[in-house]
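Here the structure comes first, spelled out in structure tokens, and everything after it is commentary.
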Amino acid sequence: MIITIAGVKKEVAEGIRVTDLIYSEKIESPEYVSVSINDDFVLREAFDATIVQEEDVVEFLYFMGGGSNC
Amino acid sequence: MAFTNDQLERYSRHIILKEVGAKGQKKLLNGKVLIIGAGGLGAPVAMYLAAAGVGTIGIADADEVDLSNLQRQIIHATKDVGKAKVKSAKETMNEMNPDVTVNTYRTYVNSENIMDLIKDYDFIIDGTDNFPAKFLINDACVMAKKPFSHAGIIRFQGQLMTYVPGKGPCYRCVFKNPPPKDAVPTCKQAGVIGAMGGVIGSLQAMEAIKYLLGIGDLLTGYLLTYDALTMNFRKIKLPGAAKDCGVCGEHPTITELIDYEQKVCEG
């Protein structure tokens with residue numbers, strides 16, 4: 001099935017869970033990424049139980065520090 | 001308040017813009033912005049806001065200028081190594097524009113001082129590098145109903161979002177809780193391309209200026225991300241404010257500010 005990940009259409013396996021998608025997309029610091037699907041946040045506790053659907057729009061949101069050097 | 005001839009000339013490129021005009025320039029001169037962190041992000045923000053004639057700029061940072069800062073923290077110069085960052089920043093800003101009052105706060109922000117620091121300012125800039133400070137700034141701004149610009153930079157990437165009370169999600173809606181210490185790489189560990197602070201910090205300055213002028217659309221409800229290697233800018237639409245957000249949600253569980261464990265400062 002085709003979904004949109006970070007603005008790019010991509011073929012993924014039917015029934016893929018958010019947890020698997022985080023793994024297959026090689027997300028850095030996967031335990032700290034935030035995920036939204038179709039403009040809703042997916043709770044981290046729900047990553048395992050959430051199945052990505054055809055045409056879903058998935059965004060990965062990353063912690064980013066930077067700025068004042070301390 | 002009438003403009004002097006020098007001011008008319010200094011701000012002529014602003015005043016000629018129909019979205020700014022003399023009225024807008026006066027708004028800037030009456031504006032008050034607090035910049036937390038005088039580093040890679042705070043440096044360009046402070047310089048552009050000073051140049052723009054934002055009348056009162058506060059700058060908070062406890063650190064001293066280190067030689068390793070100068071690759072990106074363009075408000076400081078080689079002669080400033082060892083000097084308090086807030087002092088060095090103030091000197092540069094005063095030289096750039098004598099119209100600007102620069103208030104310096106040589107301190108780390110914490111749960112004890114942040115409400116007092118932000119209370120007199122119209123807009124807050126998060127130019128900090130660590131997550132305890134980022135969450136503290138978010139929570140304090142939500143509680144005090146202050147708008148702020150969040151930003152982060154690392155390697156060849158940067159991102160920013162703007163929080164305005166009552167409009168869109170806060171930083172905690174998106175990121176919930178700070179990651180454990182050292183779980184997410186910092187610039188010191190991972191590196192950052194110097195100009196990234198310039199790109200993202202200038203965008204933060206732009207958000208502050210638009211907020212003060214009351215023009216255009218802010219990055220409320222959006223996370224703007226930038227990848228320098230691919231030159232992709234993405235304006236990612238964020239979900240609305242989370243009803244279950246600990247600080248801005250319908251039933252906040254965070255009603256007092258939290259000092260999360262601070263990363264040990266290695267200068």
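Sort B:Thr162, A:Thr50 by Cβ crowding within 10 Å, fewest neighbours at the top.
Ascending Cβ contact count within 10 Å gives the list A:Thr50, B:Thr162.
Kindly flag which residue pairs out of B:Lys145/B:Lys235; B:Lys27/B:Lys167; B:Lys90/B:Lys146; B:Lys32/B:Lys167; B:Lys90/B:Lys188; A:Lys26/B:Lys167 have an alpha-carbon separation exceeding 27 Å in this structure. Pairs exceeding the cut-off: A:Lys26/B:Lys167.
Shown for the stretch B:1-65 is the translational diffusion coefficient from the Stokes-Einstein equation, using the Kirkwood radius over Cα pairs, a temperature of 20 °C and a viscosity of 1.002 mPa s: 168 µm²/s. Where the centre of each part is set by its Cα atoms, how far does the stretch B:205-251 sit from the stretch B:6-58, in angstrom? If we compute the Cα centre of each part, the gap is 21 Å. Treating cross-link reach as a plain straight distance, find the aspartates and glutamates whose alpha-carbon is under 12 Å from the alpha-carbon of A:Lys10, omitting any fewer than eight places away in the same chain. Partners found: A:Glu25, A:Glu54, A:Glu55, A:Asp56.
Where the eigenvalues come from the Cα gyration tensor of the stretch B:1-115, what are the semi-axes √(5λ) of the equivalent ellipsoid, largest first, in whole Å?
Those come to 28, 16, 11 Å.
Mean-square fluctuations from a GNM of chain B, with a 10 angstrom spring cutoff on Cα atoms, peak among B:Thr230, B:Thr56, B:Thr92 at B:Thr230.
Label the stretch B:96-244 by shape, choosing from rounded, prolate and oblate, from the square roots a ≥ b ≥ c of the eigenvalues of the Cα gyration tensor; if a/c is under 1.5 it is rounded, and otherwise prolate applies when a/b is larger than b/c, oblate when it is not.
Values: a/c = 1.18, a/b = 1.14, b/c = 1.03.
Rounded.
Once the Cβ-Cβ distance of B:Ser68 and A:Glu31 is raised to the sixth power relative to R0 = 30 Å, the FRET efficiency obtained is 0.50.
Could you state the per residue volume, in Å³, of the convex hull enclosing the Cα atoms of chain B?
On the way: hull volume 34.0 nm³, N = 267.
Convex hull volume per residue, Cα atoms: 127 Å³.
Please state the relative contact order of chain B as a whole percent: Cα pairs under 8 Å, 6+ residues apart? Intermediate results must be reported in sequence, preceding the final value.
Values: 529 pairs, mean separation 50.9, N = 267.
Averaging sequence separation for qualifying contacts and normalising by length gives 19 percent for chain B.
Extents of the protein assembly as shown, largest first, come to 68, 45, 41 Å (Cα atoms, principal axes, whole angstrom). Stokes-Einstein at 37 °C, 0.692 mPa s, Kirkwood radius from Cα pairs: D for chain A in µm² s⁻¹? Answer from the Stokes-Einstein relation: 259 µm²/s.
In plain terms, the residue of B:Met96, B:Met196 with the fewest other Cβ atoms within 10 Å comes first and the most crowded comes last, giving B:Met96, B:Met196.
Among B:Asp126, A:Asp48, what is the fewest-to-most ranking by other Cβ atoms within 10 Å?
If I rank by nearby Cβ atoms, fewest first, I get A:Asp48, B:Asp126.
Distance between the C-alpha centres of the stretch B:76-96 and the stretch B:107-177: 24 Å, rounded to the whole angstrom. Checking the Cα-Cα distances for B:Lys87/B:Lys181; B:Lys210/B:Lys237; B:Lys26/B:Lys134 against a 22 Å cut-off, the pairs over it are B:Lys87/B:Lys181; B:Lys26/B:Lys134.
Rule-based calculations on the coordinates, nothing more; no lab input. Predicted model, so just to flag it, every value in this text is computed and none were measured. Glycine also receives a Cβ, built like all others from the backbone with ideal geometry; neighbour counts cover every protein chain displayed.
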